[in-house]
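This report concerns only the one structure given below.
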Amino acid sequence: MAKTNAGRFFEDYAVGDVLTHAVPRTVSGGERALYHALYPARHALFSSDEFARSCGLPASPLDDLVTFHVVFGKTVPDVSLNAVANLGYAEGRWLHPVYPGDTLVSQSEVIGLKQNSNGKTGVVYVRTTGRNQHGTPVMDYCRWVMVRKKDPAAPAPDTVVPTLKPVLDPADLVIPEGLDFTGYDFAQAGEPHRWGDYEVGETIDHVDGVTVEEAEHMMATRLWQNTAKVHFDLTQRPEGRLIYGGHVISMARALSFNGLANAQMIVGLNAGAHANPCLAGDTIRAWSEVLDKAETAAPGVGAIRLRLVATKGGAPFDLRGEDGRYKPEVLLDLDYWALMPI
Amino acid sequence: MAKTNAGRFFEDYAVGDVLTHAVPRTVSGGERALYHALYPARHALFSSDEFARSCGLPASPLDDLVTFHVVFGKTVPDVSLNAVANLGYAEGRWLHPVYPGDTLVSQSEVIGLKQNSNGKTGVVYVRTTGRNQHGTPVMDYCRWVMVRKKDPAAPAPDTVVPTLKPVLDPADLVIPEGLDFTGYDFAQAGEPHRWGDYEVGETIDHVDGVTVEEAEHMMATRLWQNTAKVHFDLTQRPEGRLIYGGHVISMARALSFNGLANAQMIVGLNAGAHANPCLAGDTIRAWSEVLDKAETAAPGVGAIRLRLVATKGGAPFDLRGEDGRYKPEVLLDLDYWALMPI
Amino acid sequence: MAKTNAGRFFEDYAVGDVLTHAVPRTVSGGERALYHALYPARHALFSSDEFARSCGLPASPLDDLVTFHVVFGKTVPDVSLNAVANLGYAEGRWLHPVYPGDTLVSQSEVIGLKQNSNGKTGVVYVRTTGRNQHGTPVMDYCRWVMVRKKDPAAPAPDTVVPTLKPVLDPADLVIPEGLDFTGYDFAQAGEPHRWGDYEVGETIDHVDGVTVEEAEHMMATRLWQNTAKVHFDLTQRPEGRLIYGGHVISMARALSFNGLANAQMIVGLNAGAHANPCLAGDTIRAWSEVLDKAETAAPGVGAIRLRLVATKGGAPFDLRGEDGRYKPEVLLDLDYWALMPI
């Protein structure tokens, strides 16, 4: 009996399967410190217990993207070990903040399957839910990946393509209990711009850049217990280890502080594409576009829908070529909802 | 009076000397997070407070190898600053788990001395004990190193070579108080293979590889306050900084999750050889061989004796050449006892 | 309205301005662990809760330089984003230890302005104060930087050059409440040399060297939320990212353990010059000179004034050329007061 995990192949999935992902993880102030060391993260709510309390939370939570990375990392051995491509995200929602001392687990349900016409690969759709030690869901999201078949002769499953919302409705967003921005301290947060100061269609060049290093992205990716070989083993990819797409997301989000310091919490992930690979030595920059705005029921809290684009060169705001495809310098195109003081 | 520590030379040791190593160290969740960032560590008992409690422990301890590295690191200024080679380990036992908040100190007794026939070096044998803030021993182990003489004319000491067990007897192993694997959650741990599924003689290729970087091994080595120059100062070794042998141990052990996810706790170190030097850029892989199995008195807990081999290339299971010497690709040959659910 | 912070230019400052720096920061055991991973830090008071308690403190504080880096980092967006050069420090005092769980904020007052004769730049003098969550000052220091004018035609301000002490008087130093070295454990601290063993004029070569890596200095600099572009963006400095001067300070101070293990706490910063740039690949070494000694009112506690010099080559104790300028290998010349057991 082979003891190592070869991962699942396309024919190993069936719609309705529930995958319990392994290795629960307790997070602490250590994960927070590392997040600050790995990314230029400065959003005050995730930096200061005092600031978080002034916003109605019991303490400063872990960055919302730490929650995403930990929950996502657990799915890799069961979902994407034999993946050819990470195709998309939808309906991602942050449901409850994660605090030092919490323990996270992760579970996925297979919600769709579609074999490709080449017969060698297929698309697997999963809805993943992360929960804390009390069983409270902390986030859920849908993801679809292209997975290899082990046996090309294996029969194709019935095609099931789930209907996923292209954008979360503001009413779908879950505002953390107690969140209150009526006493928000803009000076401590770092910028004066409130929700009312942003207009739909407005674009922001976040100006700063970070040239990424091998040691950094590997430390980040391991921290989330993401074990995909391509990120670590140069003998598998002599052209350079592929940087985990989540590393680019966190870098771009941290860079977006400069212009979006008050977009404090991420509550919704509408869509995301890893447009081109990122390798060590690339200099990551970011720009944003305001896609929508909405009011919320929480005191002083507005929702803002943002496109966050990470690039490794080129000019800001230049997303697609004449052929409609992403420019080769574009690394990431992310569509998310954040919460901001009105 | 020179203020800096030149380290001890061979003639500075006498059998029976007790060396109190400096710099007590308090560990926290920060050390745990860094361990996860530096190594692809996924054993559930060291990742989750909840999982550890379900196994009868009060919380998730620091990885057993953190204990080893911290206790070992303190010995370097007194034992191996002038060492030519780290020759071996024996009779290593983990005696008590280490938790965040614990403070560790380290002490060694010189238990053997043997001058080499060249008159320029000699072998020093020490037994090192690490203790926590309550004075409770957390681990002990024997190590022998080849140390330079400062004055080749210094008289040779009487030769004392201690009798060390080639392998710890299962009865020598100390099972952490309260450890109970009867309710062990294999799904959360990541693999279904229990103690009964492993056979003596069985070999496991752990499949994954990690290409190591300078920044990573230096951060790891500093974290354990190990100050040996060869790991940090490129002007001392233009051919490349020598990677701390313990970094290879931790990397290989973490890689061995894939196939040995349920070999949760290390309780005995029978022997260990750093067969060849490891440098940044090397891709570390690992394989294991089941050497022995034993029952224990703890509920649901079996002991398994494993050979863990780390390589920087070559085929798995290829340990020695026709001359009986380690293949040049072999980095580490470690013999240890671990605890597993039966 | 531009949303990103372009930083202040020389003409944007007026004497008496109070700048409230953004992004409060809560520190934890995570920051301590990272400090130990990034620097070969071994001073026992900052390594062990038990040792700190034996010296009269409630627990082990964060390294004094962590306090400096966090307080300093917050000033960068408001003080030095458009700085051409960091010219000097004076009157730096550590006023209260910082413990895991504390939240730090930072504020600066403009205390001097002097336009340069070229009309393009000017010198800005600020006094910066860091405070914890109780409003207690944890440190203050003066710094002056050369800042670009945005509009060379902007009128020159009245010249105000503050009178700063070239050296803090021992009476100015604040000894942490409760500090008591009468029961100091020299064996655990790592060296036997007490305050009485050091003579004014004595020099110490700290012997060890560390070759620095890009990933390390960027992680360190981000950890303090210092956002100056030159440290991160290789496209801005193709000749190599400039390493944050504070990284060199921490590296040199940690290396000085070897010979100054008992210079436990830094309480005063008299002066500091970043003599030459440091780039990845440089090997940092350090030497010290005893500049002065003073008694204090605290039991068993003496003050020692030290010059700490970091180099990237050359011989120790070789500070300036015949022209009176720093040798090109000198990175740092720091003048500080530390506390030592008498």
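The values are calculated or read from the model by the stated rules, or taken from the named source; none is laboratory data. What you are looking at is a predicted structure, and each value in this text was computed from that prediction instead of being measured. With ideal geometry, Cβ positions are generated from the backbone for all residues, glycine too; neighbour counts draw on all protein chains shown. Just so you know, the surface numbers come from the protein's heavy atoms only, side chains and all, with ligands and any DNA or RNA stripped out. Shrake-Rupley method; radii C 1.70, N 1.55, O 1.52, S 1.80 Å.
How far is helix C:214-223 tilted, in degrees, relative to the longest principal axis of the Cα atoms in chain C, given as a value from 0 to 90 rounded to the nearest 10?
90 degrees
Compute the Cα gyration tensor for region C:138-197, then decide on rounded, prolate or oblate, letting a ≥ b ≥ c be the square roots of its eigenvalues: rounded whenever a/c is under 1.5, prolate when a/b is larger than b/c in the other cases, and oblate in all that remain.
Taking the square roots of the gyration eigenvalues as a ≥ b ≥ c, region C:138-197 is prolate.
Over the Cα atoms of region A:1-65, how large are the radius of gyration and the largest Cα-Cα distance (Dmax), in Å?
In Å, with Rg to one decimal and Dmax whole: 18.9, 56.
Summing both sides, how much accessible area is buried between A and B? Use a 1.4 Å probe and give Å² to the nearest 100.
It comes to approximately 3000 Å² buried between A and B.
Can you give the net charge of the other residues whose Cβ lies under 10 Å from the Cβ of C:TYR141, counting K and R as +1 and D and E as -1?
Net local charge, C:TYR141 excluded: +1.
Provide the packing ranking of B:273-281, C:125-133, C:292-300, i.e. peptides ordered by the mean count of other C-beta atoms within 10 Å per residue, highest first. Each step should come with its number before you reach the end.
Details: B:273-281: 18.9, C:125-133: 21.3, C:292-300: 15.6.
Per-residue Cβ counts within 10 Å, averaged per peptide and sorted highest first, yield C:125-133, B:273-281, C:292-300.
For region B:298-342, what % of the accessible area comes from carbon and sulfur atoms, probe 1.4 Å?
Carbon and sulfur atoms account for 48 percent of the accessible area of region B:298-342.
Taking only Cα atoms and a 10 Å spring cutoff, compute GNM fluctuations for chain C and point out the largest among C:PRO157, C:PRO97, C:PRO238.
Highest fluctuation of the listed residues: C:PRO238.
Go ahead and set up a Gaussian network model of chain C, Cα springs under 10 Å, then flag whichever of C:LEU260, C:LEU34, C:LEU168 fluctuates most.
Judging by the Gaussian network model, the answer is C:LEU34.
If you count only protein heavy atoms with a 1.4 Å probe, what accessible area per residue comes out for region A:64-132, rounded to a whole Å²?
Using a 1.4 Å probe on heavy atoms only, each residue of region A:64-132 averages 28 Å².
Taking the Cβ-Cβ separation of A:HIS134 and B:LYS229 as r and a Förster radius of 60 Å, what is the calculated FRET efficiency to the nearest 0.05?
E between A:HIS134 and B:LYS229, to the nearest 0.05, is 0.75.
In nm, to one decimal, how far is the C:ASN118 label point from the B:GLU202 one, both placed 7 Å along Cα→Cβ?
7.2 nm
Which residue, A:GLY246, A:GLY92, A:GLY324, tops the fluctuation ranking in a GNM of chain A built on C-alpha contacts under 10 Å?
Comparing A:GLY246, A:GLY92, A:GLY324 in the GNM, the peak value goes to A:GLY324.
Suppose all protein chains stay in the model; what accessible area per residue would a 1.4 Å probe give for region A:221-342, in Å²?
That works out to 30 Å² for each residue.
Mind ranking A:144-156, C:39-51 by how tightly packed they are, going by the mean number of other C-beta atoms within 10 angstrom, highest first?
Numbers: A:144-156: 15.6, C:39-51: 23.7.
Highest-to-lowest ranking by the protection proxy: C:39-51, A:144-156.
How many angstrom separate the Cα center of region C:283-342 from the Cα center of region C:84-101?
Each part reduced to its Cα centre gives a spacing of 17 Å.
Please report the orientation-averaged projected area of region A:69-185, defined via the convex hull of its C-alpha atoms, in nm².
One quarter of the hull surface, i.e. the mean projection, equals 9.6 nm².
With the label 7 angstrom out along Cα to Cβ, how close does B:VAL167 come to the same site in each of the other copies, in nm, nearest first?
6.7, 6.7
Of all the Cα-Cα pairs you can form in region B:124-279, what percent are over 18 Å apart?
Value for region B:124-279: 74 percent of Cα pairs lie more than 18 Å apart.
Could you work out the local net charge near A:ARG93, counting Lys and Arg as +1, Asp and Glu as -1, over the other residues with Cβ closer than 14 Å to its Cβ? Write out the running numbers ahead of the final one.
Working: positive: A:ARG127, A:ARG131, A:ARG143, A:LYS165, A:ARG305; negative: A:ASP64, A:GLU91, A:ASP140, A:ASP169, A:ASP172, A:ASP335.
Local charge sum for A:ARG93: -1.
Just add up the charged neighbours of B:SER48: K/R +1, D/E -1, any other residue whose Cβ is under 12 Å from the Cβ of B:SER48.
Charge balance near B:SER48 sits at +1.
Could you calculate, for the protein assembly as shown, the ratio of the Cα radius of gyration to the Kirkwood radius, expressed as Rg to Rh? Don't jump to the answer; show the numbers that get you there.
Numbers: Rg = 28.8 Å, Rh = 29.9 Å.
For the protein assembly as shown, the value is 0.96.
List the lysines whose Cα lies under 17 Å from the Cα of C:LYS149, skipping any in the same chain that are fewer than 8 positions away.
The reachable lysines, counting only those whose Cα sits under 17 Å from C:LYS149, are C:LYS114, C:LYS120.
How much of the calculated P(r) for chain C lies past 26 Å, in percent of all Cα pairs? Don't skip to the end; give the middle numbers.
On the way: 28141 of 58311 pairs.
Tail fraction, whole percent: 48.
Hey, can you list the residues from region A:13-33 whose accessible area shrinks by 50 Å² or more with all protein chains present, relative to the chain by itself (probe 1.4 Å, no ligands or nucleic acids)?
A:VAL23, A:PRO24, A:THR26, A:ALA33
What is the Cα centroid distance between region C:222-236 and region A:1-40, reported in whole angstrom?
Each part's Cα centre sits 31 Å from the other's.
If I model a spin label as a point 7 Å beyond the Cα along the Cα-Cβ vector, how far apart are those points for A:PHE317 and C:GLU239 in nm?
3.4 nm
For peptide B:97-107, what's the mean number of Cβ atoms from other chains within 10 Å of each residue's Cβ?
2
Output the 0 to 90 degree angle, nearest 10, between the alpha-carbon long axis of helix C:29-38 and the longest principal axis computed from the alpha carbons of chain C.
90 degrees
Compute the helix-to-body angle for C:245-255: its Cα long axis versus the longest principal axis of chain C, expressed 0 to 90° and rounded to tens.
The two axes meet at around 10 degrees.
How far is B:LEU87 from itself in the other copies, in nm, if each label sits 7 Å out from Cα along the Cα-Cβ line, shortest first?
Distances between equivalent label points, in nm: 6.2, 6.2.
Within 10 Å of each Cβ of B:42-53, how many other protein chain Cβ atoms are there on average?
That average works out to 5.
Percent of accessible area on region C:112-212 owned by carbon and sulfur, 1.4 Å probe?
Carbon-and-sulfur percentage of accessible area, whole number: 50.
Any chance you could check the Cα centroid distance between region A:238-258 and region B:257-271 for me, in angstrom?
Cα centroid to Cα centroid, the span is 34 Å.
Cα-based Rg of region C:47-121 per 2.2 N^0.38 Å, rounded to two decimals?
Here the answer is 1.52, to two decimals.
At B:PRO152, label 7 Å along Cα→Cβ: distances to the other copies, nm, ascending?
6.9, 6.9
Dipole magnitude of chain B about its Cα centre, charges +1 at Lys/Arg Cβ and -1 at Asp/Glu Cβ only, in debye to the nearest 20?
Taking the Cα centre of chain B as origin, the dipole is about 1140 debye.
Restricting to DSSP loop positions (anything but H, G, I, E, B) with no more than 14 other Cβ atoms inside 10 Å of their own Cβ, which chymotrypsin sites (Phe, Trp or Tyr not before Pro) remain in region B:293-342?
Within region B:293-342, the qualifying chymotrypsin sites (Phe, Trp or Tyr not before Pro) (loop, at most 14 other Cβ atoms within 10 Å) are B:PHE317.
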